[in-house]
1. Count, please, the residues in the stretch 125-147 that happen to be within 16 Å of the ligand (Cβ to nearest atom), more than 19 Å from residue 10 (Cβ to Cβ) and outside any strand (DSSP E or B).
2. Is one or more of the residues making up the stretch 204-220 touching a residue at least 24 places away in the same chain (Cβ under 8 Å), under 30 Å from residue 433 (Cβ atoms) and within 12 Å of the ligand (Cβ to nearest atom)?
3. One residue is enough: does the stretch 462-475 have a residue meeting the conditions crowded, with 18+ Cβ neighbours inside 10 Å, on the phi < 0 side of the Ramachandran plot, more than 16 Å from the ligand (Cβ to nearest atom) and over 22 Å from the mean Cα position of the chain (by Cα)?
4. Test each condition in (1) more than 24 Å from the chain's Cα centre (by Cα); (2) more than 14 Å from the ligand (Cβ to nearest atom) for residue 162 and report the one that comes out false.
5. Considering only the stretch 439-460, state which residues are crowded, with 19+ Cβ neighbours inside 10 Å and more than 7 Å from the ligand (Cβ to nearest atom).
6. Spot the failing condition for residue 182; the list is (1) within 16 Å of the ligand (Cβ to nearest atom); (2) touching a strand residue (DSSP E or B) at 6+ places or on another chain (Cβ under 8 Å); (3) farther than 30 Å from residue 396 by Cα, and only one is missed.
7. Out of 193, 246, I need the residue that is within 23 Å of the chain's Cα centre (by Cα), in contact (Cβ under 8 Å) with a residue 40 or more places away in the chain and away from the ligand (no atom under 14 Å from the Cβ). Which one?
8. Look at residue 119 and say whether it is away from the ligand (no atom under 12 Å from the Cβ), closer than 24 Å to residue 206 by Cα, surrounded by fewer than 22 Cβ atoms within 10 Å (Cβ to Cβ) and touching a residue at least 12 places away in the same chain (Cβ under 8 Å).
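Derivation of every value follows stated rules applied to the coordinates shown; laboratory data play no part. As the structure is a prediction and not an experimental result, all values here were calculated from the model. Please note: Cβ atoms are built from the backbone with ideal geometry, for glycine as well, and neighbour counts cover all protein chains shown.
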Ligand SMILES: Cc1cc2nc3c(=O)[nH]c(=O)nc-3n(C[C@H](O)[C@H](O)[C@H](O)COP(=O)(O)OP(=O)(O)OC[C@H]3O[C@@H](n4cnc5c(N)ncnc54)[C@H](O)[C@@H]3O)c2cc1C
């Protein structure tokens, strides 16, 4: 069953999570105004799945069940799936800033791959258990929050070395019927308005950290779970043209001895698989982050064009303004192109799940993480100082000031003052408000800090293959060093090409795609060329 946004909101009413915002206990998440922008944003992922213009992107057929599911819960099996997911994330995030629900997609794919690998190599029976969970989540069209980032405590110490073990979620007790987990997850997007949380460890674990290697699903209103949340966006603020309607909350989750039955446990102590699970999730997630921030880029580009126009200028006639816009486009489409390349050069592992290419996913996320600040700078440059200096919206109705403001701050005669203010307030909302700061920090750290991305790029990239290329061109042995000792040691790499075979991708999309109709026609919904083309 594919829910609508209204049904999603209604479904939240049936849950009773223990949620706090700014010191207040929330009685009903669905009716809490401070969470409304977050629920609205999530709602778009539901409504678009019913929208004739978008449902070819927002839904997909789950191969393991044959059922139609929301794209945000689908398991990718091909390059076509990956690019459609990327487009779907961009589509929803350009509408609401951050649609949040794609994290579920990324975690479901990674847990699928990890449970498959564990079962193959250890004889465990995690995958059938996970498939039951996956199908329930898909059938009920749930929203699943990702509880991965632990409190972490002293960053220089491993989980088992921490003075207070609760800074990482861990298995406190194993029972016949399940496990008891305890500890803090520090940053969970949209936690209060999720149906469930998928708990995963956030780093590679050693044998000593085995109790911290845990992956399981918990209902959001499970006993002994407390969600301490921030409001979503800028609810109730008149000046927030965008973030009063659409926003994101983040929350801390305190697991104070939460019982999880075995049927919802997908990894419990198998520390050897922790790196595979976290790294696989990270790759899927960074690929999605690229689509999400490209959607935000679409908003910035559109707002930039409108600021220029409402200021009475024409970018085509003013090279510096045109350059700013082109620079913004270059950044957004540059990192998005990495997402497209990661889709095309992805690979299917033994589970059949199609994973984006690790180098392109991480490079794209790194470009976006570092250039988000340039995106804001460029948007600020075309806008001028008004976006931080403009009078508040109450002045629009103040009889003592309104008239003067309307005439003296007018730009082009055909652009009414209040319309110019609307555009300036939108730009303010997107680039200088608390929401704007959120966008910067999620771009920088969300899905992993830059150093984590760089490590993955170094790990995935076939450096040794490149070295051998040059060695061959120079005639083998010309460097006069021993082959083995000269090998570039990349942590986590097993062979010169790593886990990916650098073959030419063979692409074959589905034979037909629903036609793209206006107003979506100008977005880049792509059909990958078939292998024959
Ligand atoms: C808006 C937002 C939404 C998010 N949503 C989610 C979510 O839904 N689910 C989720 O699980 N996570 C989420 N995250 C968390 C995100 O994945 C983390 O922020 C990211 O992985 C970095 O972790 P951290 O914030 O703990 O920073 P830290 O790990 O503390 O990093 C801070 C700095 O210290 C460095 N550092 C850290 N440890 C070491 C070390 N041992 N040695 C050397 N340097 C070190 C880092 O490289 C970085 O430069 C979200 C983050 C943001 C900002």
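1. 0
2. If we filter the stretch 204-220 for residues that are touching a residue at least 24 places away in the same chain (Cβ under 8 Å), which is where we start, we get 204-220.
Of the ones still in play, those that are also under 30 Å from residue 433 (Cβ atoms) are 220.
After this cut, where a residue has to be within 12 Å of the ligand (Cβ to nearest atom) as well, the list is none.
Within the stretch 204-220 (the criterion being touching a residue at least 24 places away in the same chain (Cβ under 8 Å), under 30 Å from residue 433 (Cβ atoms) and within 12 Å of the ligand (Cβ to nearest atom)), the answer is no, since none of the residues qualifies.
3. Of the stretch 462-475, the ones crowded, with 18+ Cβ neighbours inside 10 Å are 462, 464.
Right, trim to on the phi < 0 side of the Ramachandran plot and you get 462, 464.
Narrowing further to those that are more than 16 Å from the ligand (Cβ to nearest atom): 462, 464.
Next, only the ones that are over 22 Å from the mean Cα position of the chain (by Cα) stay: 462, 464.
Yes: one or more hits.
4. Looking at each condition in turn, residue 162 falls short on (2).
5. 439, 443, 453, 456, 460
6. Unmet condition: (1).
7. Values: 193 fails: away from the ligand (no atom under 14 Å from the Cβ).
Matching residue, one of 193, 246: 246.
8. Numbers: away from the ligand (no atom under 12 Å from the Cβ): yes; closer than 24 Å to residue 206 by Cα: yes; surrounded by fewer than 22 Cβ atoms within 10 Å (Cβ to Cβ): yes; touching a residue at least 12 places away in the same chain (Cβ under 8 Å): no.
Considered against the rule, which asks whether it is away from the ligand (no atom under 12 Å from the Cβ), closer than 24 Å to residue 206 by Cα, surrounded by fewer than 22 Cβ atoms within 10 Å (Cβ to Cβ) and touching a residue at least 12 places away in the same chain (Cβ under 8 Å), residue 119 comes out as no.
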